[in-house]
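The values are calculated or read from the model by the stated rules, or taken from the named source; none is laboratory data. Source: prediction; values computed, not measured. Backbone-built Cβ (ideal geometry, glycine too); neighbour counts: all protein chains shown. In case anyone asks, the SASA skips ligands and DNA or RNA and just uses the protein heavy atoms, side chains included. Shrake-Rupley method; radii C 1.70, N 1.55, O 1.52, S 1.80 Å.
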Amino acid sequence: MTNGTFTFVKIQHMLLQQTIKNILAQVIQDALRISITENELVIQRTKEEFEGDYTLVLFGLVKKYKLNPEHIGKSIGDASCEKHSNLFKSYNLLKGFLNFSLQDHCLLDFLTATYSNLQFGNAPDNKKLVMVEYSSPNTNKPLHLGHLRNIFLGWSIAALLKERGYNVTKSCVVNDRGIHICKSMIAWQLFANGATPTTVGQKGDHFVGDYYVKFNEAHKKQIEEGITAGLTKEQAEKEAPIMKATQQLLQDWEAGNPDVLELWNRMNQWVYKGFDETYREIGADFDKTYYESKTYLLGKKFVEQGLKDDVFFKKEDGSVWIDLTPEGLDEKLVLRKDGTSVYITQDLGLAEQKFQEYQYEKSIYVIADEQNYHMKVLQLILQKLKKPYANGIYHLSYGMVELPSGRMKSREGTVVDADDLVAEMIAVARAKTEELGKVKDFNPAELNKLYHTLALGALKFYLLRVDSKKKMIFNPQESIDFQGFTGPFIQYTYARIQSILRKEGPAASQPIESKLEKEERELLLSLELFPSILDQAVSEHNPSVVALYIFTIAKLFNSFYTQHSIINATSMASRQLRLRIAALTAIVIQRSMSLLGIEVPNRM
RNA sequence: GGUCCGGUAGCUCAGUUGAAUAGAGCAACUGCCUUCUAAGCAGUAGGUCAUUGGUUUGAAUCCAAUCCGGAUCACCA
């Protein structure tokens, strides 16, 4: 801090575990006269059944330096407690495990420094730009459960990145053109008699989705007729009149037929209005939206460049390919023989477009794992074209949400609709709240707000608590729980704390008890991990780390809460200590949940 | 067939840079509300970590083989 200049000093809390590692590495060098870095040390939280807070696992040292564990354990333990008595209170040695107990004041210092810090966990701007693309719906049907997993994941990853200092741009690619939307258009022309979402009083995305279903019904019927008339199944699918009309519509669209464009635009607007409503309801937002209709031609110039650079090659029929067999993949088409571009080529163009607009360091694509191969190919092609942004592409691949009966199929009507599910969750939240009757003094607006908070808390937590890489099974018969490892459990813990803090908040001027109870210790040791948990979640691109963490915090607090009274603590100093612990727990819960996109209620 | 992912308690999932007796939640069973919110807490029961072999002082975790499930390898998106 220089004189006369206002310098903002951000105090970064040094994690205990890292501090211990650094000190022990030094101690070991001095005491055993061996050269060792802190990264070689294995430090972990001491298991509950043993005495201590942090444990140094000695086996690595024993093996590498051929030392006796009893001997080195004692040397390290003695030297540590002697030279760093401000950190280590005592140690015990069990087999190859050296368990250290920390001085209470280490935890109390941490508590004092953070209990009123509403920014705890927030890291300073690191000037790195990241794009997160998520949601990316088709415009022929409403959002479903699979989209919800995608959206919650993408939103949360973006929030986590921001929290840890990244500059984040959230983007969405809308697949607004192609055969799928033409199917809805044809069905509307054939069956709607001019009906609109307004005339039938239906949400626009559902309205259009219904015509997509009607298309499939009509198509199916025509296929059966075709087969009866002697066609093969494949022929019947292609030759069905409604399919031919759809193909014609697609060609007219590409040719720019004004009537077709007008209908296309009108139907898409209906869908967007519906999407916006759903996004608002579930708290999704985007900084930038790309429309496929505007970007799908961008990739074509890649083809020329790729041919020139000998990355691509042309076949006799005029189609263009890339040979990825040296990489263990296949030959992949990048341009059809009729000169139209394929999916992968469009994605190449969009990646370039995004980079030109944002110069991102990293570009995260939240896309289901069925596209693992596609994303691998995308990155590989960009690398072969020597694009500077190629290595920054990261596919956040998540498993599909399945029903007990298997995959959801929109054509078979087995999808779990996003709007329906949210409405159902709100109904469950209402029923549970009324059953418990704790907020009878709430007015209708407050009640609706609470139901919404609880419903989305339950739903988001349910989808985010599972490791995103794994597929998950959703059983619509069993409604999502409000007890145990759930959003409402954590929200409840928060509400409990608020109920105490409404009566009395911690007073900075008051002294606090300096000796910690077991439960207080446990809680502080875990709360202290918060920033490192966020780093882990970011580096693994995995919000479930945060969900898991905050669940253990809530459990620890509830356990503490039932064993020790806060307001009626036996001494003023003890009450002040506990009020601070409660306040910090509330902060960590609120912040963790907000990073999952979940709000916390003051009462429930 | 090639490639990739997965298999842990009745169910849904943690734990996989190797480390102490493999953990939660739900469901089942026992207790605990005149005390800060019982959407809670404490406890009981439940396991051949798919199988077999290997590496290691030590394997759910690493290696190999096998079995089972899924995804993908489209001039679909």
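Please find, among A:Gly283, A:Gly274, A:Gly306, A:Gly299, the residue that is over 30 Å from A:Glu424 (Cβ atoms), surrounded by 13 or more Cβ atoms within 10 Å (Cβ to Cβ), among the small types (Gly, Ala, Ser) and away from RNA strand B (no atom under 15 Å from the Cβ). Break it down stepwise before answering.
Working: A:Gly283 fails: over 30 Å from A:Glu424 (Cβ atoms); A:Gly274 fails: over 30 Å from A:Glu424 (Cβ atoms); A:Gly299 fails: away from RNA strand B (no atom under 15 Å from the Cβ).
Selected residue: A:Gly306, the only one of A:Gly283, A:Gly274, A:Gly306, A:Gly299 that is over 30 Å from A:Glu424 (Cβ atoms), surrounded by 13 or more Cβ atoms within 10 Å (Cβ to Cβ), among the small types (Gly, Ala, Ser) and away from RNA strand B (no atom under 15 Å from the Cβ).
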Within the range A:448-473, residues in contact with a strand residue (DSSP E or B) (Cβ under 8 Å, 6 or more places away or on another chain), open to solvent by 10 Å² or more (accessible area, probe 1.4 Å) and assigned to a loop (DSSP other than H, G, I, E, B) come out as A:Val466, A:Lys469, A:Lys471
For residues that are near RNA strand B (Cβ under 7 Å from one of its atoms) and either more than 21 Å from A:Ala431 (Cβ to Cβ) or touching a His at 6+ places or on another chain (Cβ under 9 Å) (or both), tally how many sit in the range A:457-488. 8
Would you point out the residue of the range A:84-99, among those that are part of a loop (DSSP other than H, G, I, E, B) and of a type in the set (Gly, Ala, Ser), that is surrounded by the fewest Cβ atoms within 10 Å (Cβ to Cβ)? A:Ser85
Looking at the range A:578-591, can you tell me whether even one residue there is without any contact (Cβ under 8 Å) to a residue 60 or more places away in the chain and out of contact with any Leu (no Cβ under 6 Å at 6 or more places or on another chain)? yes
Among (1) surrounded by fewer than 13 Cβ atoms within 10 Å (Cβ to Cβ); (2) over 21 Å from the mean Cα position of the chain (by Cα), there is one condition A:Asn372 misses while meeting the rest; what is its number? (2)
Could you tell me which residue of the range A:111-146 is nearest to A:Ala537 (Cα to Cα), considering only residues that are in a loop (DSSP other than H, G, I, E, B), within 16 Å of RNA strand B (Cβ to nearest atom) and of a type outside the set (A, V, I, L, M, F, W, C)? A:Tyr134
Need the failing condition index for A:Tyr492 against (1) in contact with a helix residue (DSSP H, G or I) (Cβ under 9 Å, 6 or more places away or on another chain); (2) open to solvent by 60 Å² or more (accessible area, probe 1.4 Å); (3) at pLDDT below 95, just the number. (3)
Taking first residues from the range A:149-166 that are at positive phi and second residues anywhere that are open to solvent by 10 Å² or more (accessible area, probe 1.4 Å), the pairs with Cβ under 9 Å that are 6 or more apart or on different chains are A:Gly165/A:Asn122; A:Gly165/A:Ala123; A:Gly165/A:Pro124; A:Gly165/A:Asp125; A:Gly165/A:Asn126; A:Gly165/A:Lys127; A:Gly165/A:Lys128
Just give me the residues in the range A:524-543 being within 12 Å of RNA strand B (Cβ to nearest atom) and either open to solvent by less than 10 Å² (accessible area, probe 1.4 Å) or outside any helix (DSSP H, G or I) (or both), in sequence order. A:Ala537, A:Glu540, A:Asn542, A:Pro543
Filter the range A:580-604 for residues that are near RNA strand B (Cβ under 9 Å from one of its atoms) and open to solvent by less than 10 Å² (accessible area, probe 1.4 Å) and give the result. A:Ala582
Pick from the range A:58-72, criterion open to solvent by less than 20 Å² (accessible area, probe 1.4 Å) and within 11 Å of RNA strand B (Cβ to nearest atom), ranking: farthest from the chain's Cα centre (by Cα): A:Leu61
Return the total of residues in the range A:43-57 being under 16 Å from A:Ser80 (Cβ atoms), within 6 Å of RNA strand B (Cβ to nearest atom) and among the hydrophobic types (A, V, I, L, M, F, W, C). 1
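What do you reckon, is A:Leu108 in contact (Cβ under 8 Å) with a residue 12 or more places away in the chain, aliphatic (A, V, I, L, M) and either in a strand (DSSP E or B) or in contact with a helix residue (DSSP H, G or I) (Cβ under 7 Å, 6 or more places away or on another chain) (or both)? Working first, answer last.
Details: in contact (Cβ under 8 Å) with a residue 12 or more places away in the chain: yes; aliphatic (A, V, I, L, M): yes; either in a strand (DSSP E or B) or in contact with a helix residue (DSSP H, G or I) (Cβ under 7 Å, 6 or more places away or on another chain) (or both): no.
When the stated conditions are applied, A:Leu108 does not pass them.
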Test A:Arg164 against the criterion of being open to solvent by 20 Å² or more (accessible area, probe 1.4 Å) and closer than 30 Å to A:Ile533 by Cβ, and give yes or no. yes
If a residue must be open to solvent by 90 Å² or more (accessible area, probe 1.4 Å) and without any contact (Cβ under 8 Å) to a residue 40 or more places away in the chain, how many such residues does the range A:405-447 contain? 12
Options A:Leu102, A:Leu32; residue that is among the hydrophobic types (A, V, I, L, M, F, W, C) and either open to solvent by 10 Å² or more (accessible area, probe 1.4 Å) or under 30 Å from A:His180 (Cα atoms) (or both): A:Leu32
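Picking from A:Ala240, A:Ala255, which residue would you name as being more than 24 Å from A:Asp205 (Cα to Cα) and crowded, with 18+ Cβ neighbours inside 10 Å?
A:Ala240
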